[in-house]
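Peer 1: Structure in structure tokens, see below.
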Amino acid sequence: MPPLRTALLQSSGRPGAVAENLKVLDEAAARAAASGARLLVAPELFLTGYAIGDAVPELAEPADGPGARAVAEIAVRHGLAVLYGYPERDGEQIFNASQLIGPDGASLANYRKTHLFGCFEQEWFTPGEQTVVQADLDGLRIGLLICYDVEFPENVRAHALAGTDLLLVPTAQMHPFQFVAESVIPVRAFESQMYVAYVNRTGPEGEFEFVGLSCLAGPDGTVRTRAGRGEELVIGEVDPEFLAASRTANPYLDDRRPGLYGSLA
């Protein structure tokens with residue numbers, strides 16, 4: 001099975017301007033596809049912007065709304081899968097969500113952030129209740145989390161136990177927490193033996209300063225590709241053969257003793 005070439009779009013787009021953000025996504029998809037990528041990952045709430053305050057209810061839409069249809073058109077036009085973040089409306093509730101659209105335009109998975117960070121998110125969003133959401137792409141099991149979720153090791157281990165090979169984490173990581181991108185993400189990839197694609201926003205937005213530093217970390221704890229602090233598209237490969245070899249050499253999942261961990265829950 002060949003490696004899955006994966007593109008990470010580090011951008012904040014234009015907060016509050018869905019049409020403009022779709023243009024940015026379309027242009028990135030064209031560049032990613034030209035490089036041979038089969039998957040493009042965009043940041044948390046990329047469709048609308050993160051620090052949009054009172055506009056959250058106005059811009060929120062169902063999982064099959066106009067934004068999703070536009071992203072599906074982008075995926076089909078460029079022949080690659082696209083993961084993007086957006087505010088999902090379901091009745092009276094709004095979720096901080098991400099959706100994976102396949103190269104054929106079909107929705108492969110939709111995930112709702114389970115651990116909301118700070119007063120802003122807790123004011124506008126309802127936490128999701130499903131920790132492990134997965135889909136299959138080009139022979140790999142793809143898992144979804146969002147930003148703060150990955151800072152809870154239980155979440156990542158749950159994905160590992162469910163067979164996730166590549167964990168996609170659209171994020172809005174802000175100053176002064178850049179150590180998460182620099183240190184925590186490679187450790188998460190190593191301790192749970194998977195690839196982790198961590199894709200951040202960048203620059204000032206409202207009261208926040210996003211730090212960039214998007215990365216693709218491998219199961220050996222090394223970073224395969226890393227963005228800087230500005231707008232950037234970086235590309236790395238998820239190698240199934242290397243992943244299998246790493247899991248054999250580092251048998252954390254086989255050597256666990258779950259009977260000792262009951263008190264953790």
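Peer 1: Report Rg/Rh for the stretch 1-132, rounded to two decimals, where Rg is the Cα radius of gyration and Rh the Kirkwood radius.
Peer 2: 0.97
Peer 1: GNM on the chain, C-alpha springs below 10 Å: top fluctuator among Gly13, Gly206, Gly128?
Peer 2: Gly206
Peer 1: I'd like the FRET efficiency for Glu232 and Asp64, computed as 1/(1 + (r/R0)^6) with the beta carbon distance as r and R0 of 35 Å, rounded to 0.05.
Peer 2: My answer for the efficiency is 0.70.
Peer 1: Let me ask something additional. Enter the mean projected area of the convex hull around the alpha-carbon atoms of the stretch 97-141, in nm², rounded to one decimal.
Peer 2: Quarter of the Cα hull surface area: 3.8 nm².
Peer 1: Kindly state, to the nearest 0.05, the FRET efficiency for Ala30 paired with Thr225, given R0 = 25 Å and r defined as their beta-carbon distance.
Peer 2: Rounded to the nearest 0.05, the efficiency is 0.85.
Peer 1: Could you work out the Kirkwood radius for the stretch 70-175, taking every pair of different alpha carbons, averaging 1/r and inverting it, reported in Å?
Peer 2: That comes to 14.3 Å for the stretch 70-175.
Peer 1: In debye, nearest 20, what is the charge dipole magnitude of the stretch 76-227 about its Cα centre with +1 on Lys and Arg Cβ and -1 on Asp and Glu Cβ, if you could check?
Peer 2: In debye, rounded to 20, the stretch 76-227 gives about 380.
Peer 1: Which one, Phe208, Ala51, Gln134, projects farthest toward the positive side of the charge dipole computed for the chain from Cβ point charges (K/R +1, D/E -1)?
Peer 2: Gln134
Peer 1: Loop-only check: which chymotrypsin sites (Phe, Trp or Tyr not before Pro) in the stretch 170-252 are DSSP coil with at most 15 other Cβ within 10 angstrom?
Peer 2: Phe177
Peer 1: Let's see if you can work this out: charge +1 on each Lys and Arg Cβ, -1 on each Asp and Glu Cβ, no other charges. What is the dipole magnitude of the stretch 1-47 about its Cα centre, in debye to the nearest 20?
Peer 2: Taking the Cα centre of the stretch 1-47 as origin, the dipole is about 160 debye.
Peer 1: Which order do Arg14, Arg112 take when ranked by solvent-accessible area (1.4 Å probe, heavy atoms of all protein chains), largest first?
Peer 2: Order by accessible area, largest first: Arg14, Arg112.
Peer 1: Where only protein heavy atoms count, and the probe is 1.4 Å, what is the accessible area per residue for the chain in Å²?
Peer 2: 41
Peer 1: Determine the calculated [θ] at 222 nm for the chain from helices alone, applying -39500 (n - 2.57) to every DSSP H run no shorter than 4 residues and normalising by the residue count; nearest 500 deg cm²/dmol.
Peer 2: Helix-only estimate at 222 nm: -8000 deg cm²/dmol.
Peer 1: Among His78, Gly67, Gly91, which residue has its Cα positioned farthest towards the positive end of the charge dipole of the stretch 1-106, with +1 placed on the Cβ of Lys and Arg, -1 on the Cβ of Asp and Glu, and the dipole taken about the Cα centre?
Peer 2: Final value for the positive-end residue is His78.
Peer 1: When all protein chains stay in place, what accessible area (Å², nearest 10, 1.4 Å probe) is found for Cys119?
Peer 2: 110
Peer 1: Working out 0.36 nm times the residue gap between Glu207 and Phe242, then minus their Cα-Cα distance, what length gain in nm do you get to one decimal?
Peer 2: 8.5 nm
Peer 1: Let me ask something additional. Could you work out the pair-distance distribution P(r) of the chain from its alpha-carbon pairs, with 5 angstrom bin width and percents rounded to whole numbers?
Peer 2: Each 5 Å bin holds this share of Cα pairs: 1, 6, 14, 19, 21, 17, 12, 6, 3, 1, 0.
Peer 1: Within the chain, what's the longest stretch lacking GluC sites (Glu not before Pro) that sit in DSSP loops with no more than 11 other Cβ atoms inside 10 Å?
Peer 2: Looking at the chain, 1-91 is the longest stretch - no exposed GluC sites (Glu not before Pro) with at most 11 other Cβ atoms within 10 Å.
Peer 1: Next question. Taking all protein chains as present, what is the carbon and sulfur share of the accessible area of the chain, in % to the nearest whole number, probe 1.4 Å?
Peer 2: Carbon and sulfur atoms account for 52 percent of the accessible area of the chain.
Peer 1: Looking at the stretch 55-120, what % of the alpha carbon pairs are farther apart than 21 Å?
Peer 2: Here the tail beyond 21 Å accounts for 25 percent of pairs.
Peer 1: Counting only the heavy atoms of the protein chains, how much of Asp26 is accessible to a 1.4 Å probe, in Å² to the nearest 10?
Peer 2: Probe radius 1.4 Å; accessible area of Asp26 about 40 Å².
The values are calculated or read from the model by the stated rules, or taken from the named source; none is laboratory data. Note that the structure is predicted; figures quoted are calculated from it, not measured. Cβ sites come from the backbone with ideal geometry, for glycine too, and all protein chains shown count toward neighbours. Each accessible area value is taken on the protein alone, full model and side chains, heavy atoms only, with ligands, DNA and RNA left out. Shrake-Rupley method; radii C 1.70, N 1.55, O 1.52, S 1.80 Å.
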